[in-house]
Amino acid sequence: MAAWEYAPAPESAATGRLQPSYRMFLGGEFVDGSGEPLKTLNPATEEVLAEVSTANPSDIDDAVAAARNAYEQVWGPMPGVERAKYLFRIARMMAERSRELAVLETLDNGKPIRESRDTDIPLAGAHFFYHAGWADKLGYAGYGPDPKPLGVVGSVIPWNFPLLMAAWKIAPALAAGNTIVLKPAETTPLTALVLAEICQQAGLPPGVVNVLPGAGDVGAALVGHPGLDKVAFTGSTDVGKQIQRTLAGTGRGLTLELGGKAANIVYDDAALDQAVEGVVNGIFFNQGHVCCAGSRLLVQESVAEELIELLQARISTLRIGDPLDKNTDVGAINSRAQLEKITELTAAGETEGATRWTSPCPVPQRGLFFPPTLFTGVEQSMRIAREEIFGPVLSVLTFRTPDEAVAKANDTRYGLSAGIWTEKGSRMLWTAQRLRAGVVWENTFNRFDPTAPFGGYKESGFGREGGRAGLEAYLAH
Ligand code: NAP
Ligand code: MG
């Protein structure tokens with residue numbers, strides 16, 4: 001009997017309205033940068049998508065000056081109720097162009113279209129809608145009756161959620177009355193530039209939002225610029241530490257959203273089928289390129305064997321391949337460098353004695369792909385239990401008692417997120433109270449909402465994004 005198969009269901013790449021070249025957005029205009037142009041690739045094919053102009057230090061000076069001018073002349077003095085109208089307009093225009101943005105994001109990043117369409121783009125729009133609502137109500141946010149903006153914000157973001165991270169920075173900054181200079185990641189600059197076009201078409205005053213593409217050196221020059229009042233960074237812990245050193249003693253505001261190595265704790269009384277879905281989503285969503293990914297599964301010993309069998313059966317059904325295909329579950333790894341890092345860390349897992357299991361799913365021959373992988377027999381001391389792999393790799397550890405689960409979960413330099421799976425409410429609360437993680441999900445994972453603050457403990461950074469708490473970092477009070 002012939003096996004049941006999916007027919008291909010590709011989204012048209014043309015919907016992304018890809019241009020051969022993109023320019024940076026400075027002072028309300030698209031202009032050629034003075035840096036060496038970069039080429040951004042489609043990681044599913046390794047073909048060049050477009051050439052993108054980059055900023056040099058004098059462009060950064062110009063952008064910061066444009067943002068300062070906009071802040072002092074227009075955006076800072078503007079009543080919140082007027083600022084809100086621009087944010088609502090941007091949100092509506094993002095919704096109107098959501099298909100285009102989803103396809104472009106998938107082309108540039110490699111993530112499945114299902115995720116860019118259903119998660120990244122709607123959530124990015126939701127951040128603008130949510131913060132538009134705050135713009136005229138800042139006096140009720142709990143930071144005094146009349147909190148003031150800080151001034152000019154410099155922001156650097158990573159490649160894993162390009163448009164969403166841009167929205168996480170721009171929306172609260174603008175709602176609070178600040179202006180911003182944003183550097184997107186070198187490998188994924190495109191959707192931030194389309195967002196800049198949306199800002200322009202929404203009639204946003206020139207200089208309120210500036211987008212300067214470039215590599216890490218542009219990021220370093222931006223965050224160190226003396227003309228800024230605040231820096232908001234999302235990226236790796238190593239770069240976050242460098243930025244913190246740069247800003248030490250300057251008096252400028254800083255928030256850091258850094259790496260993670262989250263524990264997903266499954267107790268023996270959990271609804272196992274539901275937990276399997278949550279564990280799979282927790283680590284294979286966005287190829288595991290997620291700072292809050294549930295990369296360490298802590299399972300109670302008595303159900304470990306059963307859960308691992310269920311997991312392997314479920315993971316085997318994940319489809320890896322063309323990110324533009326609506327049936328694809330796991331897309332491409334964003335860059336060759338990231339693929340090499342995943343390959344290196346998983347090899348270390350084997351060397352250190354863990355047992356490797358790889359999904360039998362077919363892997364495309366062309367492009368940057370890594371099959372869903374699971375390690376059992378993992379010890380706390382192994383690199384795959386300690387370091388952020390940032391790929392589709394799950395490390396499974398076991399525990400016997402709740403105390404042991406909490407001790408192991410907290411035995412990490414990170415503290416961004418955690419998951420708990422149990423049917424018992426008291427155990428849930430007992431565990432959640434003891435976890436040193438900024439976000440704790442209960443019987444679910446990777447749930448994001450602009451109203452809920454997100455951020456880390458320890459080396460996962462400081463400051464919160466989203467919710468009332470997220471506004472604090474953009475207000476003087
Ligand atoms: P990364 O290397 O730190 O890069 C992040 C951004 O910083 C990129 O735009 C990068 O430019 C830029 N950059 C590089 N060196 C810099 C420097 N010396 N000074 C200033 N900027 C610099 O991180 P990544 O590997 O792209 O991103 C993955 C990391 O981000 C993971 O650790 C992940 O956990 C973390 N992350 C955290 C959150 C959160 O909310 N906590 C969310 C998403 C991701 P280039 O693109 O040119 O390298
Ligand atoms: Mg790219």
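Per the Debye formula on identical point scatterers at the alpha carbon atoms of segment 430-475, with no solvent, log10 I(q)/I(0) at q = 0.14, 0.28, 0.33 Å⁻¹ is -0.37, -1.11, -1.18. Tell me the angle of helix 80-96 to the major Cα principal axis of the chain, expressed in degrees between 0 and 90 and rounded to the nearest ten. In the chain, helix 80-96 runs at an angle near 50 degrees to the longest axis. Based on the Cβ-Cβ distance of GLU309 and HIS477, what FRET efficiency does E = 1/(1 + (r/R0)^6) give at R0 = 60 Å, to the nearest 0.05? For R0 = 60 Å, the calculated efficiency reads 0.65. Charges were assigned to the Cβ only: +1 to each Lys and Arg, -1 to each Asp and Glu. The resulting dipole of segment 263-442 about its Cα centre is roughly 520 debye. Does anything in segment 298-336 have its amide N under 11 Å from the 7 Å Cα→Cβ label point of THR343, and if so which residues? Under 11 Å, as judged by backbone N against the label point of THR343, lie 336 of segment 298-336. Between GLN19 and ASP449, the FRET efficiency estimated from the beta carbon spacing at R0 = 25 angstrom works out to 0.15. Taking Cα centre as origin and charging only the Cβ of basic (Lys, Arg, +1) and acidic (Asp, Glu, -1) residues, the dipole magnitude of the chain rounds to 980 debye. Taken along the Cα-to-beta-carbon direction at a fixed 7 Å, the label points for ASN410 and GLN274 span 2.7 nm. Counting neighbouring beta carbons within 10 Å and listing from fewest to most, the residues PHE390, PHE462 come out as PHE462, PHE390.
What do you get for GluC sites (Glu not before Pro) in segment 370-467 restricted to DSSP loop and a cutoff of at most 16 other Cβ within 10 Å of the site's Cβ?
Answer in residue order: GLU379, GLU423.
Farthest toward the positive end of the dipole of the chain, out of MET24, ILE180, TRP159, is the Cα of ILE180, where the dipole comes from beta carbon charges about the Cα centre. Counting beta carbons within 10 Å around each of HIS131, HIS477, HIS225, HIS289 and listing the fewest first gives the order HIS477, HIS225, HIS289, HIS131.
Using the alpha-carbon centroid of each, what span in Å lies between segment 200-221 and segment 124-161? One Cα centre to the other: 17 Å.
For segment 285-292, putting each phi into the Karplus relation 6.51 cos²θ - 1.76 cosθ + 1.60 with θ = phi - 60° gives couplings of 4, 6, 6, x, 7, 9, 4, 9 Hz, in residue order, rounded to whole numbers and with x for Gly and Pro.
Expressed as an acute angle from 0 to 90° and rounded to the nearest 10, what is the orientation of the C-alpha long axis of helix 162-175 relative to the principal long axis of the chain? Compared with the principal axis, the helix lies near 50 degrees. Taking 28 Å as the straight-line reach from the Cα of LYS230, the lysines in range (excluding those fewer than 8 positions away in the same chain) are LYS85, LYS137, LYS148, LYS169, LYS183, LYS241, LYS261, LYS458.
Once label points are set 7 Å from the Cα along Cα→Cβ at both ALA469 and ASP118, what is their separation, rounded to one decimal in nm? Going by the 7 Å Cα→Cβ label model, 2.8 nm. Over all projection directions, the Cα-based convex hull of segment 374-477 averages an area of 8.0 nm². In loop segments of segment 1-67 as defined by DSSP, the chymotrypsin sites (Phe, Trp or Tyr not before Pro) with at most 12 further C-beta atoms inside 10 Å of their C-beta are TRP4, TYR6. Placing one equal scatterer on every Cα of the chain and applying the Debye formula, the log10 ratio I(q)/I(0) at q = 0.13 Å⁻¹ is -1.20.
On full extension of the chain, what length is gained from ARG356 through GLU96, given 0.36 nm per residue of separation minus the C-alpha to C-alpha distance? Contour length minus the Cα-Cα distance gives 89.1 nm. Using R0 = 60 Å, the C-beta based FRET efficiency linking SER426 and ALA248 works out to 0.85. Packing here is the average count of other Cβ atoms within 10 Å per residue, and on that basis the peptides 255-261, 145-151, 7-13, highest first, run 255-261, 145-151, 7-13.
Any read-out appearing in this document is the output of simple, stated calculations on the displayed coordinates, not a laboratory observation. Nothing here was measured: the structure is a model prediction, and the numbers come from that model. Cβ atoms come from the backbone with ideal geometry, glycine included; neighbour counts cover every protein chain shown.
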